[in-house]
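The values are calculated or read from the model by the stated rules, or taken from the named source; none is laboratory data. Keep in mind it's a predicted model, so treat the numbers as computed, not measured. Glycine gets a Cβ as well: all are built from the backbone with ideal geometry, and neighbour counts include every protein chain shown.
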Amino acid sequence: MADVIIVGSGASAMAAAWELRNRKVLILDTGLTPPETPSLQKNLFDLRQGDPEQAEYLLGSDFQSLVNIQRSDLVSVKLKAPLIDFVIRGLPELAPLDAHEFVPFISYARGGLANAWGAGAYRYTDGDLEGFPINAGDLWPYYDELTTHMGISGVNDDLEPFFGHINGLQPPLPFNRNCGRFYRCWRRKKHQMARHGIHVGRTQLTVLTRELDGRPAYSGDNTSFFTTVNPSIYTPRITLDRLRQYPNIQYLPGWLVERFSAPGSHVEVHARALEGNGLRTFRGRHLLLAAGAINSGRIVLRSFDDTRTRLPILDNPVSFIPFVDLTAIGAATDMTGYEGGQLILIYEGPRFPGRVQGSIYSIISPLRSDLFFNFPFSLRGNLALTRHIIPAMTVLQLFYPDSPREGNYLRLGKGNLLEIHYQDQPKLGAVERLLIHKFFPWGFTALPPLVQFPKPGNSIHYAGTVPMERRDLKYHSDRECRLNGAPRVHLIDGSVFPHLPAKNLTFTLMANAMRVAHGLKL
Amino acid sequence: MNGQPHAEPSPLSKEGERFYQLLFRRPAPRQAIEAYVRACSILLPHLKSQALDPLPSSPSAIEALELATRLLNPSNPLTRRMHIMLYIAEANPGHFQDFVPQRSRRLCAWVQSGGYFLRTLGLLLRGMLLRRRYPLG
């Protein structure tokens, strides 16, 4: 019997497993993997200039990357790439889902959704954890340990009051051209902007700028929109590969966990094989559920055969503001600058109740065809705009906080169909209009009608299905993330967040998973 | 040369050739046309891989029709097919410079964009008239 069974191999599962690496651990995972293809080892633009086989990894042998031609509700251009789409490949027969007003991105992949994450690592402060039964001091040692384990580049700057002072950072990545100019503009006006509640600083990224444990520093290859294999950028698969060298860690892919039972002295986990459909029961002293907020909620409901209860669901509402830097129209493409978010924007003011956080990035590597019809000209005109405007574009992606609302829930229906309803959404737009107005004098222009407000679900930050609370309620968990009524079952993913700050939750759910794993009485 | 008569290109191949010519002002390579035919059959199976018919004969008229139709219905079949051809071209190293500028040409960019703005207005008027004869959705 294992000391601990961990369900899943995503960010929080791997953080907990790393903490428990000297224990007897069984990791049960669906574990879907990408197709076998050569990894992209060069700069993307070198490949695109010379590789006659590039359609294989840009479009896919069956043109799977062109899925947006049929579906307009998909916003992420990254998750449709042929070597990345395995991250969100569903299991509709084994884990059926019916979503209303919600676009769910659920991962059954080895490494989970963080295979394709934005690599931002943000610490929660006591303000962010208001309403949680834990505080920042509970998480801080684990943030530090993860910083050492994963490798985080960045710098302590004007955003320190929002993220805390962080030790052990690698030097920040050099700016790409557009983010660099935006930051210089900001520095000149930062006191004036702060009076309007607008703060900007550099992103802390799990992207190496120095070699770490055999992983190289980032080379500026810009392939992360087309492959999940880049050892400079942390993904949970890096931890999994290290854990598999420990003889006491057993990783079993190909199993979909359906339910658990907790007879008292141990936990039984009932899983279905992806191949052959057979059922098997695994036993352990403790169970750590890290299947993602939605699937962990599903497993909990199925374990109690409950088709009546509604579990809350949280999701950060999102908007995208496409800015064009007028001084960069017609500029050459920045082919070696880092393509992910390099700047963080915080808004705290009267336009929205609660802190809003944004990520600022340049458009470097996506296919231009993905954006072609966002321009309003004729075909030949759009071809010219694609060349002239895209190198000058900077996108601000804003995330808003979320709290439980009556119309937003998931429920187990007949035939184990999981229904997701997301009907209550906040009204957005005021913050976007303010930012467009404030950045216009710097030459960064955007038009309010071009701001996109994707359907709920597109943040891919889900939480709150089995929240941790101080009160002893059914389908809630305590401060050790123990499921009430099942003390050997712990939830260690986003499901335990009682509310969702605008700040990306991944780094915090990893730290929390380590905290829970550390506190297990083994 | 195997002595066999050349097969007549399918209507979908001809359509691909016209779209490519419209977008890039040069003859379409064989691989691009083959990829276009295959992509249409995979991505638009409900259209049974048939060519859009009728379409205007001149490239600028097709461009005008596409623009006017797109404004009213962004996911109309003509725009979708043009989109497929764009993706196929972009994933070919020969088209790298059509999409990714390697040299700075700031003045040219402003002048060209202004010119295309005026051209777009003209095409939009023409497209609105063409839509009566070629309703594409």
Item to check | Single unsatisfied condition, residue A:179 versus (1) over 30 Å from residue A:47 (Cα atoms); (2) touching a Leu at 6+ places or on another chain (Cβ under 7 Å); (3) part of a helix (DSSP H, G or I); (4) not charged (D, E, K, R) | outcome: (1)
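Condition test on residue A:405, is it in contact with an Asp or Glu (Cβ under 8 Å, 6 or more places away or on another chain), more than 10 Å from every other protein chain (Cβ to nearest Cβ) and part of a loop (DSSP other than H, G, I, E, B)?
Working: in contact with an Asp or Glu (Cβ under 8 Å, 6 or more places away or on another chain): yes; more than 10 Å from every other protein chain (Cβ to nearest Cβ): yes; part of a loop (DSSP other than H, G, I, E, B): yes.
Answer is yes for this residue.
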Checklist entry - Do you know which of the residues in the stretch B:61-87 that are facing chain A (nearest Cβ under 9 Å) and among the β-branched types (Val, Ile, Thr) is farthest from residue A:53 (Cα to Cα)? => result B:62
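Before we move on, is residue B:95 more than 9 Å from chain A (Cβ to nearest Cβ) and under 29 Å from residue A:363 (Cα atoms)? Steps first, answer last, please.
Working: more than 9 Å from chain A (Cβ to nearest Cβ): yes; under 29 Å from residue A:363 (Cα atoms): yes.
In short, yes.
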Checklist outcome for this item: Within the stretch A:488-505, the count of residues that are in a helix (DSSP H, G or I) and either among the small types (Gly, Ala, Ser) or surrounded by fewer than 24 Cβ atoms within 10 Å (Cβ to Cβ) (or both) comes to 2
Item to check | Residue list for the stretch A:478-487, restricted to those being without any contact (Cβ under 8 Å) to a residue 12 or more places away in the chain and part of a loop (DSSP other than H, G, I, E, B) | outcome: A:485
Item to check | Enumeration of residues in the stretch B:58-86 that are more than 13 Å from the chain's Cα centre (by Cα), more than 27 Å from residue A:59 (Cα to Cα) and modelled with pLDDT under 95 | outcome: B:72
Checklist entry - When residue B:40 is evaluated against the numbered criteria (1) modelled with pLDDT of 95 or more; (2) buried (at least 20 other Cβ atoms within 10 Å of the Cβ); (3) out of contact with any His (no Cβ under 8 Å at 6 or more places or on another chain), which criterion, by number, is the only one it fails? => result (1)
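If I ask for residues that are hydroxyl-bearing (Ser, Thr, Tyr), within 14 Å of another protein chain (Cβ to nearest Cβ) and in contact with a Lys or Arg (Cβ under 8 Å, 6 or more places away or on another chain), which ones from the stretch A:336-377 would you list?
Initially, the stretch A:336-377 is screened for residues hydroxyl-bearing (Ser, Thr, Tyr), giving A:336, A:338, A:347, A:359, A:361-362, A:365, A:369.
This time we only want the ones that are within 14 Å of another protein chain (Cβ to nearest Cβ), so: A:336, A:362, A:365, A:369.
If the condition is that a residue be hydroxyl-bearing (Ser, Thr, Tyr), within 14 Å of another protein chain (Cβ to nearest Cβ) and in contact with a Lys or Arg (Cβ under 8 Å, 6 or more places away or on another chain), then A:362 is the only one that fits.
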Next on the checklist: Consider the stretch A:41-63. How many of its residues are among the acidic types (Asp, Glu) and either crowded, with 20+ Cβ neighbours inside 10 Å or in a loop (DSSP other than H, G, I, E, B) (or both)?
Outcome noted: 3
Item to check | Any chance residue A:420 is modelled with pLDDT under 95, surrounded by 18 or more Cβ atoms within 10 Å (Cβ to Cβ) and in contact with an Asp or Glu (Cβ under 8 Å, 6 or more places away or on another chain) | outcome: no
Checklist entry - Any residue at all in the stretch A:24-31 that is modelled with pLDDT of 90 or more, surrounded by fewer than 18 Cβ atoms within 10 Å (Cβ to Cβ), of a type outside the set (D, E, K, R) and assigned to a loop (DSSP other than H, G, I, E, B)? => result no
Checklist outcome for this item: Conditions (1) within 9 Å of another protein chain (Cβ to nearest Cβ); (2) assigned to a helix (DSSP H, G or I); (3) closer than 16 Å to residue A:375 by Cβ -> residue B:22 fails only (3)
Item to check | Options B:90, B:17; residue that is facing chain A (nearest Cβ under 9 Å) and touching a helix residue (DSSP H, G or I) at 6+ places or on another chain (Cβ under 7 Å) | outcome: B:90
Checklist outcome for this item: Listed by first then second residue, the pairs whose first member lies in the stretch A:437-457 and is farther than 21 Å from residue A:427 by Cα and without any contact (Cβ under 8 Å) to a residue 24 or more places away in the chain, whose partner is among the aliphatic types (A, V, I, L, M) and in a loop (DSSP other than H, G, I, E, B), with beta carbons under 8 Å and at least 6 positions apart or on separate chains, are none
Checklist entry - touching a Lys or Arg at 6+ places or on another chain (Cβ under 7 Å) and either under 30 Å from residue A:270 (Cα atoms) or modelled with pLDDT of 95 or more (or both) - does that describe any residue in the stretch A:56-75? => result no
